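**Q** If you scroll down you'll find the structure; I have some questions about it.
The values are calculated or read from the model by the stated rules, or taken from the named source; none is laboratory data. Source: prediction; values computed, not measured. All Cβ positions, even for glycine, are placed from backbone atoms using ideal geometry, and neighbour counts span all protein chains on display.
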């Protein structure tokens with residue numbers, strides 16, 4: 001059986017893109033091993049289409065963490081039985097994968113989930129950002145097979161490095177839509193799912209909740225500003241209107257998303273990475289037939305506006321944003337957007353998008 005190693009620096013538990021690629025490879029007859037890290041709170045991985053190897057790291061972040069992770073990954077990939085394919089997810093796993101692919105003459109696919117050197121965490125850290133830019137400059141021009149999540153990012157990489165990036169967007173698999181029973185929920189629900197980090201528009205959304213009555217804002221995920229957000233909601237006496245659910249597995253999250261009346265993706269324009277982001281949650285909302293309120297940033301607004309599944313806005317005033325939300329919740333209750341959401345859900349799904357990945361695998365010569 002052909003073996004492939006998929007590397008990512010997270011703990012694999014909620015990385016749906018990696019999971020879908022692993023499933024696709026398993027369906028093509030590959031023995032899939034995913035390599036990541038294990039955190040103290042990492043859940044066990046059950047019913048997955050891959051075997052997992054997760055490193056316990058002495059360092060939790062910083063240069064020593066990334067160096068040690070890549071060193072361990074390098075040693076793993078050098079001494080296992082020669083694989084048929086390597087897949088590196090994001091820049092922080094690329095050095096080890098690239099070296100092994102050259103030494104052992106194994107095809108390598110680089111999957112860039114974002115503009116790594118333009119994430120908000122690096123924008124104001126020039127020295128650290130310059131190191132990652134050097135790594136990017138060192139390896140990306142030499143890549144033969146690469147994919148990314150949208151056309152804007154693919155175009156930027158092509159202009160910078162001359163490397164062709166295929167586009168495989170973060171579409172989920174089709175789900176069976178089950179509308180909730182009438183009267184099952186007393187309050188209308190707004191949902192946010194994803195990382196709780198700077199620039200996600202969560203502070204703005206919490207501020208807007210003070211102008212909304214009989215509405216619950218459900219926040220699913222964890223991140224750097226989680227405690228700050230909880231304190232903000234408490235300080236504004238919004239404990240009964242903002243609910244933090246923490247990290248949830250995809251199968252647990254889906255019923256909650258499907259019960260929502262509105263999904264938000266209000267990222268700020270904090271550098272190129274956010275400007276051209278196309279978040280997973282946007283497509284999860286679509287599959288669950290939830291109208292979307294998103295920022296008027298190019299990739300997100302293109303999807304929302306062209307399919308007519310919600311509203312894109314540049315509004316950052318909490319009271320005015322609350323007015324937009326009230327309008328959307330009223331329209332949602334009357335069935336607006338549902339036909340457009342059904343159409344979008346049938347088109348924007350992994351069953352269609354995975355064909356691009358299969359073409360890339362065929363180009364690599366690993367399909368038989």
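**Q** With respect to the numbered conditions (1) at pLDDT 95 or above; (2) in contact with a strand residue (DSSP E or B) (Cβ under 8 Å, 6 or more places away or on another chain), which one is the sole condition not fulfilled by residue 156?
**A** Every listed condition holds for residue 156 apart from (2).
**Q** Being buried (at least 16 other Cβ atoms within 10 Å of the Cβ), touching a strand residue (DSSP E or B) at 6+ places or on another chain (Cβ under 7 Å), closer than 23 Å to residue 326 by Cα and modelled with pLDDT under 95, is that true of even one residue in the stretch 181-191?
**A** If we filter the stretch 181-191 for residues that are buried (at least 16 other Cβ atoms within 10 Å of the Cβ), which is where we start, we get 188-191.
Imposing the further condition that a residue be touching a strand residue (DSSP E or B) at 6+ places or on another chain (Cβ under 7 Å) reduces the set to 188-191.
Checking the rest, the ones that are also closer than 23 Å to residue 326 by Cα come to 188-191.
Now drop any that are not modelled with pLDDT under 95, which leaves 188.
Yes; the residues of the stretch 181-191 include at least one that is buried (at least 16 other Cβ atoms within 10 Å of the Cβ), touching a strand residue (DSSP E or B) at 6+ places or on another chain (Cβ under 7 Å), closer than 23 Å to residue 326 by Cα and modelled with pLDDT under 95.
**Q** Within the stretch 299-322, which residues are in contact (Cβ under 8 Å) with a residue 60 or more places away in the chain, assigned to a helix (DSSP H, G or I) and farther than 21 Å from residue 172 by Cα?
**A** The initial filter retains those residues of the stretch 299-322 that are in contact (Cβ under 8 Å) with a residue 60 or more places away in the chain, namely 299, 316, 318-319, 321-322.
The next check asks that each one be assigned to a helix (DSSP H, G or I); those that pass are 299, 318-319, 321-322.
If the condition is that a residue be in contact (Cβ under 8 Å) with a residue 60 or more places away in the chain, assigned to a helix (DSSP H, G or I) and farther than 21 Å from residue 172 by Cα, then 318, 319, 321, 322 are the ones that fit.
**Q** Within the stretch 10-36, take every residue that is within 18 Å of residue 65 (Cβ to Cβ) and surrounded by fewer than 20 Cβ atoms within 10 Å (Cβ to Cβ) and give me the one that is farthest from the chain's Cα centre (by Cα).
**A** Looking at the filtered set, the residue picked out is 11.
**Q** Could you please give the count of residues in the stretch 284-312 that are under 18 Å from residue 192 (Cα atoms), surrounded by fewer than 22 Cβ atoms within 10 Å (Cβ to Cβ) and touching a strand residue (DSSP E or B) at 6+ places or on another chain (Cβ under 7 Å)?
**A** Number of matching residues: 4.
**Q** Based on this model, can you work out whether residue 251 counts as out of contact with any helix residue (DSSP H, G or I) (no Cβ under 6 Å at 6 or more places or on another chain), surrounded by fewer than 21 Cβ atoms within 10 Å (Cβ to Cβ) and on the phi < 0 side of the Ramachandran plot? Quick ask: steps written out before the conclusion?
**A** Values: out of contact with any helix residue (DSSP H, G or I) (no Cβ under 6 Å at 6 or more places or on another chain): yes; surrounded by fewer than 21 Cβ atoms within 10 Å (Cβ to Cβ): yes; on the phi < 0 side of the Ramachandran plot: yes.
Yes, satisfied.
**Q** What's the number of the only condition in (1) farther than 24 Å from residue 367 by Cα; (2) surrounded by fewer than 18 Cβ atoms within 10 Å (Cβ to Cβ) that residue 102 fails to meet?
**A** Status for residue 102: all satisfied but (1).
**Q** On to the next question. Here is a check on your reading of the model: is residue 81 within 23 Å of the chain's Cα centre (by Cα), surrounded by fewer than 17 Cβ atoms within 10 Å (Cβ to Cβ) and on the phi < 0 side of the Ramachandran plot?
**A** no
**Q** Right, something else. Which ranges mark the strands (runs of 3 or more DSSP E) fully within the stretch 1-119 that have 1 or more residues being in contact with a helix residue (DSSP H, G or I) (Cβ under 9 Å, 6 or more places away or on another chain), in contact (Cβ under 8 Å) with a residue 24 or more places away in the chain and assigned by TED's automatic domain parsing to the domain that holds residue 164?
**A** Of the strands (runs of 3 or more DSSP E) lying wholly inside the stretch 1-119, those with at least 1 residues that are in contact with a helix residue (DSSP H, G or I) (Cβ under 9 Å, 6 or more places away or on another chain), in contact (Cβ under 8 Å) with a residue 24 or more places away in the chain and assigned by TED's automatic domain parsing to the domain that holds residue 164 span 2-7, 30-37, 85-89, 108-112.
**Q** Take the stretch 332-345 and flag every residue that is surrounded by 13 or more Cβ atoms within 10 Å (Cβ to Cβ) and in contact (Cβ under 8 Å) with a residue 40 or more places away in the chain. Break it down into steps so the answer makes sense when it comes.
**A** Within the stretch 332-345, the subset surrounded by 13 or more Cβ atoms within 10 Å (Cβ to Cβ) is 332, 336-338, 340-345.
Those that are surrounded by 13 or more Cβ atoms within 10 Å (Cβ to Cβ) and in contact (Cβ under 8 Å) with a residue 40 or more places away in the chain: 332, 336, 337, 338, 341, 342, 344, 345.
**Q** Something else about it: List the helices (runs of 4 or more DSSP H) inside the stretch 125-238, counting only whole elements, that have at least 2 residues being within 30 Å of residue 105 (Cα to Cα), in contact (Cβ under 8 Å) with a residue 12 or more places away in the chain and within 21 Å of the chain's Cα centre (by Cα).
**A** Once the helices (runs of 4 or more DSSP H) in the stretch 125-238 are filtered for at least 2 residues that are within 30 Å of residue 105 (Cα to Cα), in contact (Cβ under 8 Å) with a residue 12 or more places away in the chain and within 21 Å of the chain's Cα centre (by Cα), what remains is 126-139, 151-161.
**Q** Kindly evaluate residue 277 against the criterion of being within 21 Å of residue 212 (Cβ to Cβ) and not in a helix (DSSP H, G or I).
**A** Judged against the criteria, residue 277 is not a match.
**Q** Which numbered condition in (1) under 27 Å from residue 299 (Cα atoms); (2) exposed (fewer than 12 other Cβ atoms within 10 Å of the Cβ) is the only one that residue 63 fails?
**A** It fails just one condition, (1).
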